[in-house]
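Please read the structure below before turning to the comments.
Please treat every number below as a calculation from the coordinates, not as lab data. Treat the numbers as computed from the prediction; the structure is a model and nothing was measured. Here Cβ is always computed from backbone atoms with ideal geometry, including for glycine, and neighbour counts include all displayed protein chains.
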Amino acid sequence: MKCYIAVFAAVALSIGFLPPSRAQSGGMAYDKAAGGQKSQANAHKASGTVTKVDPVSSKVTIAHGPVQSLKWPPMTMNFVVRDKALLGKLSSGKKVEFEFVQQGSDYVITSAK
């Protein structure tokens, strides 16, 4: 019985030392632009050329240069675009500078120029 009380006290004390923002969000950022979903990363920046736009699935394929914040080499990959207005600005062959975040297994574009 004393062992359970000691373990309970240790857990209660360790939770008390978390900053309120981390205690409530589990260390994940809240992203209003993503429909209130939690994002697992900060925004990353890249530039590249749009190779395909799929408005039905709200996805765009971009051949992008290196992404320093993720230590990625240049590659071509699919990104999700949840903002329909932003999707309308992207067309095949267009050069873009964009920001994206990781949400689960998806990479979601949050802005593009």
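Summing Lys and Arg as +1 and Asp and Glu as -1 over all other residues whose Cβ lies under 12 Å from the Cβ of residue 45 gives a net charge of -1. Taken over region 37-112, lysine pairs spaced eight or more positions apart, or on distinct chains, with alpha carbons under 16 Å apart number 9. With an a/c value of 1.5 or above and a/b not larger than b/c for the gyration tensor axes a ≥ b ≥ c computed over the alpha-carbon atoms, region 37-112 is described as oblate. Scanning residues 5 or more positions from residue 107 or on other chains, those with amide H under 5 Å from its amide H are 80, with H placed 1.01 Å from N in the peptide plane. Label-to-label distance, residue 45 versus residue 63, with points set 7 angstrom from Cα along the beta-carbon direction: 2.4 nm. The stretch between residue 91 and residue 105 holds 2.6 nm of extra length on full extension. This uses 0.36 nm per residue minus the Cα-Cα distance. Amide H contacts for residue 51 (H built 1.01 Å from N in the peptide plane; partners 5 or more residues away or on another chain; cut-off under 5 Å): 61, 62, 63, 93.
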